């Protein structure tokens, strides 16, 4: 920073003063840009950017949600079919409470005939206990050849003592679905049954389960490749202290997790879905997805709404607030007409497209391209967040507005983001994985369980059947 006192300034000639002023203006512009970047960082939160809610801190304050407030009251709505605990026709146990005397006049009622019963039923669980099944294989000596022979044990009975498939299924369910740490799984099973497999036994069961779901996972992958619309996302996680990337592809009926040390297109090709996919890929603007040109691309507008809100609030640009309003208006109109049509009427499409283009033009007016000076040595010139957002939604306008042209294409990517959220819940509950093999087995099981649950299956039963070499395979007719 140039520092001169008053006398030194008086002694400078005109040309030197001009140079000094230009230098000061340049330094001031650099400081203003730095202040703007720091203010942007401080202002960003989970409501106006892609940052997770955990980054908001303890003093989150009152934020305006992107969701529009409805007119319906809270709680169950009119016409909602409620559920309650209903009595069963054949209870397992019946306890009769006799009536020996009248509580009013004390008359003896022992010999009076019973006219009926009032019934109340208590639903409870019986005391849990381990059942031990002993398998005995007969041993005989063959009179023909004199050889001592023995009967065959079932295929899953391989040790003198071992835990059965249902207990291993429960342990794998607690580990993979509920994210309970291995030590607490032992504690829980001991409290329930008085027995519990050791931590290595639980991990070995998880690897065994993952190996027996290979056919199911391959079928899930093939059905995702053939699906008309698939949601994609990715997120980082720690494995043995190193960063790995979990790639997720999902529909309403299918979930596929794939772990790789890369985030970009290399890992996506190894996953085996996007290279062969011909439908509509719904994702954020991560550029690696755009390297796949055989499919159509649709973009998550929740990301756009957050960024538009940030630009409107932080940079006071009206076009961003108006664009947010237009996207929400389209969303509301799509929701009100989706039951009757597959797209908005042509006149409404033309109207919204005109509004969209006009706001993009206003965004260009508010954020003109910087004049070209001498070329930078490397990379592209740095741009402001409003200009980056404007350029992106202009270039990919077809993918941004895809949800109004085809109602099969959702406005957001929330479906897969709910699956991705598990990558953040798991380490908070159980900690990071200690080996890559453990992590791969874990997420293979998650793919199997999530898909089974989306088909209405009980997760423990699905795991148990896999241990019996009868894994669940999604029905092709329901996968779409």
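Closer than 17 Å to residue 443 by Cα, over 21 Å from the mean Cα position of the chain (by Cα) and crowded, with 19+ Cβ neighbours inside 10 Å - does that describe any residue in the range 225-245? No, every residue in the range 225-245 fails to be closer than 17 Å to residue 443 by Cα, over 21 Å from the mean Cα position of the chain (by Cα) and crowded, with 19+ Cβ neighbours inside 10 Å.
Scanning the range 394-403 for residues that are outside any loop (DSSP other than H, G, I, E, B) and surrounded by fewer than 21 Cβ atoms within 10 Å (Cβ to Cβ) gives 394, 395, 397, 398.
Selection of the range 189-220 for residues being surrounded by 19 or more Cβ atoms within 10 Å (Cβ to Cβ) and either in contact with a strand residue (DSSP E or B) (Cβ under 7 Å, 6 or more places away or on another chain) or more than 20 Å from residue 159 (Cβ to Cβ) (or both) yields 210, 213, 216, 217, 219, 220. Filtering the range 126-143 to residues that are under 30 Å from residue 85 (Cβ atoms) and either in contact with a helix residue (DSSP H, G or I) (Cβ under 9 Å, 6 or more places away or on another chain) or outside any loop (DSSP other than H, G, I, E, B) (or both) leaves 128, 129, 130.
Every test in (1) at pLDDT 95 or above; (2) more than 21 Å from the chain's Cα centre (by Cα); (3) farther than 20 Å from residue 221 by Cα is passed by residue 294 save one, and that test is (3). Quick check on residue 84: is it assigned to a loop (DSSP other than H, G, I, E, B) and at pLDDT below 90? Criteria met by residue 84. Kindly indicate whether any position in the range 422-429 is without any contact (Cβ under 8 Å) to a residue 24 or more places away in the chain and either in contact with a helix residue (DSSP H, G or I) (Cβ under 7 Å, 6 or more places away or on another chain) or not in a loop (DSSP other than H, G, I, E, B) (or both). The answer is yes; a qualifying residue exists.
Of 153, 123, all but one fail to be out of contact with any helix residue (DSSP H, G or I) (no Cβ under 7 Å at 6 or more places or on another chain), surrounded by 11 or more Cβ atoms within 10 Å (Cβ to Cβ) and in a loop (DSSP other than H, G, I, E, B); the exception is 153.
Is it the case, given these coordinates, that residue 411 is part of a loop (DSSP other than H, G, I, E, B), on the phi < 0 side of the Ramachandran plot and crowded, with 19+ Cβ neighbours inside 10 Å? Before the answer, list the steps.
Working: part of a loop (DSSP other than H, G, I, E, B): yes; on the phi < 0 side of the Ramachandran plot: yes; crowded, with 19+ Cβ neighbours inside 10 Å: yes.
In short, yes.
When you scan the range 289-316, how many residues do you find that are over 21 Å from residue 353 (Cβ atoms) and either in contact with a strand residue (DSSP E or B) (Cβ under 9 Å, 6 or more places away or on another chain) or outside any helix (DSSP H, G or I) (or both)? Looking only at that region, the number is 7.
Give the number of residues within the range 273-285 that are touching a residue at least 60 places away in the same chain (Cβ under 8 Å) and either part of a strand (DSSP E or B) or over 16 Å from residue 298 (Cβ atoms) (or both). First the steps, then the outcome.
Residues of the range 273-285 touching a residue at least 60 places away in the same chain (Cβ under 8 Å): 280, 282-285.
This time we only want the ones that are either part of a strand (DSSP E or B) or over 16 Å from residue 298 (Cβ atoms) (or both), so: 280, 282-283.
Count: 3.
In the set (1) closer than 17 Å to residue 430 by Cβ; (2) free of Cβ contacts under 8 Å to residues at least 24 places away in the same chain, residue 270 fails one condition alone, (1). Filtering the range 229-248 to residues that are free of Cβ contacts under 8 Å to residues at least 60 places away in the same chain and over 14 Å from residue 258 (Cβ atoms) leaves 242, 243. When 311, 326 are screened for being more than 18 Å from residue 264 (Cα to Cα) and without any contact (Cβ under 8 Å) to a residue 40 or more places away in the chain, only 326 passes. When the range 338-349 is filtered for residues that are farther than 16 Å from residue 400 by Cα and either touching a residue at least 60 places away in the same chain (Cβ under 8 Å) or within 27 Å of the chain's Cα centre (by Cα) (or both), the ones remaining, listed by number, are 338, 339, 341, 342. The lone criterion from (1) loosely packed, with under 15 Cβ neighbours inside 10 Å; (2) modelled with pLDDT under 95 left unmet by residue 391 is number (1).
Listed by position, the helices (runs of 4 or more DSSP H) enclosed by the range 162-228 that each have at least 1 residues that are free of Cβ contacts under 8 Å to residues at least 12 places away in the same chain are 182-193, 199-211, 214-226. The residues on offer are 23, 38, 34, and the sole one that is modelled with pLDDT of 70 or more, in a helix (DSSP H, G or I), closer than 30 Å to residue 428 by Cα and over 29 Å from the mean Cα position of the chain (by Cα) is 38. The one condition from (1) at pLDDT 95 or above; (2) within 20 Å of residue 180 (Cβ to Cβ); (3) more than 15 Å from the chain's Cα centre (by Cα) that residue 465 does not meet is (2). Given the options 311, 326, name the one that is in contact with a helix residue (DSSP H, G or I) (Cβ under 7 Å, 6 or more places away or on another chain), surrounded by 21 or more Cβ atoms within 10 Å (Cβ to Cβ) and closer than 23 Å to residue 404 by Cβ. It is 311.
The values are calculated or read from the model by the stated rules, or taken from the named source; none is laboratory data. Bear in mind that the values here come from a model prediction, so they are computed numbers and not experimental data. Every residue, glycine as well, gets a Cβ built from its backbone with ideal geometry; the counts of neighbours run over all protein chains shown.
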